[in-house]
Amino acid sequence: MSASLVTVFFVAAGLAAVGVFAAVWRRDLASALAGIPLIFGGAGVAFVGVARFAAAGGPHLLGHELAVLLGIASVALLALGLGIAGREGAR
Amino acid sequence: MDSLHAIGFYVSSGVSVIGALGVALIPARGLRGGALAVAGVGIAGIYLSLGAGFAAAVALICYLACATLVAGPRYRSVEGVIRPLWRQLGAVAAGALLVLLGYSAFRGDFARAKAVSEAFGASDVGRLLFAHDAFATEAIAALVLASLAGAAAAWRARERAR
């Protein structure tokens, strides 16, 4: 049993597409924000896969680095979006 | 990639996609946050099976934080004004995106290479982040700062206006 770069890209495409689906399908905009981490996760998986299966030279860590940055950026964007949405309460 | 890593990759992929579908389809906030946590565990597992241990640890923390935010009961629901037809078209476009990305991955002509990175890689990734690509790291740090400050300011302004 083995996995190739194409397999990694399929999984990444699935995550990104489900993230886009979650973002557009939700009527509640605050809930739609939950699609952002999935889209970024799909991109991160693709980057890590490219780093893993890169052909030339030694270890390529740029994909790892981008996955780390995308994870942090997803938390930041989600926090910003939910902060703008505001706190639930009597108005 | 050996069999153990391949099994870990496929299991983690299934977990992440199931969690992602839960995020898209589950209506309750708490369960949706739980599904996002499951997706995060799956994504971290994918990173780990691909030899990116440090990225897996960071992703796990970040996705658990995202899940906590999404599951929180205190943020306000904001109803969109987009008509259902556009939402349905967006869903169809998401499916088309999946087909397009899958087709491009399937038709892509990639070199067959042996996997090279098996280490945790924290020091190497840290060196890249803070020495080689410090500008990108600073940009993300600025984004985090702006997000936290903006979120806090928006939150407090709404509280004061109430």
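Filtering segment B:49-61 down to residues that are buried (at least 24 other Cβ atoms within 10 Å of the Cβ) and within 7 Å of another protein chain (Cβ to nearest Cβ), which residue is nearest to residue A:81 (Cα to Cα)? Here the residue is B:59.
For segment B:107-117, how many residues are exposed (fewer than 12 other Cβ atoms within 10 Å of the Cβ) and either at pLDDT 80 or above or not hydrophobic (A, V, I, L, M, F, W, C) (or both)?
So the first thing to find is which residues in segment B:107-117 are exposed (fewer than 12 other Cβ atoms within 10 Å of the Cβ), and the list is B:107-109, B:111-112, B:114.
Retained after the next criterion (residues that are either at pLDDT 80 or above or not hydrophobic (A, V, I, L, M, F, W, C) (or both)): B:107-109, B:112, B:114.
Result for segment B:107-117: 5.
Whenever a residue of segment B:1-30 is in a helix (DSSP H, G or I), its partners that are open to solvent by 60 Å² or more (accessible area, probe 1.4 Å), lying with C-beta atoms within less than 6 angstrom and at least six residues away or across chains, give the pairs B:3/A:1; B:6/A:1; B:6/A:2; B:19/B:38.
Residue by residue through segment B:11-48, note down the ones that are among the hydroxyl-bearing types (Ser, Thr, Tyr) and surrounded by fewer than 24 Cβ atoms within 10 Å (Cβ to Cβ).
B:12, the sole residue that qualifies.
Kindly check whether there is at least one residue in segment A:71-83 that is open to solvent by 10 Å² or more (accessible area, probe 1.4 Å), hydrophobic (A, V, I, L, M, F, W, C), more than 7 Å from chain B (Cβ to nearest Cβ) and more than 18 Å from residue B:10 (Cβ to Cβ). Checked against the condition, which is being open to solvent by 10 Å² or more (accessible area, probe 1.4 Å), hydrophobic (A, V, I, L, M, F, W, C), more than 7 Å from chain B (Cβ to nearest Cβ) and more than 18 Å from residue B:10 (Cβ to Cβ), segment A:71-83 yields no hits at all.
Looking only at residues in segment B:68-88 that are within 9 Å of chain A (Cβ to nearest Cβ) and assigned to a helix (DSSP H, G or I), which one is farthest from residue B:156 (Cα to Cα)?
B:88
Applying the criterion of being assigned to a loop (DSSP other than H, G, I, E, B) and not hydrophobic (A, V, I, L, M, F, W, C) to the residues of segment A:1-52, the residue that is most open to solvent (accessible area, probe 1.4 Å) is A:27. Among the residues examined, residue B:64 qualifies as more than 7 Å from chain A (Cβ to nearest Cβ), farther than 15 Å from residue A:11 by Cα, of a type outside the set (Gly, Ala, Ser) and surrounded by 15 or more Cβ atoms within 10 Å (Cβ to Cβ).
The values are calculated or read from the model by the stated rules, or taken from the named source; none is laboratory data. Keep in mind the model is a prediction, meaning the values are calculated, not measured. No Cβ is skipped: glycine too gets one built from the backbone with ideal geometry, and neighbour counts run over all protein chains shown. Note: areas computed on protein heavy atoms with side chains; ligands, DNA, RNA excluded. Shrake-Rupley method; radii C 1.70, N 1.55, O 1.52, S 1.80 Å.
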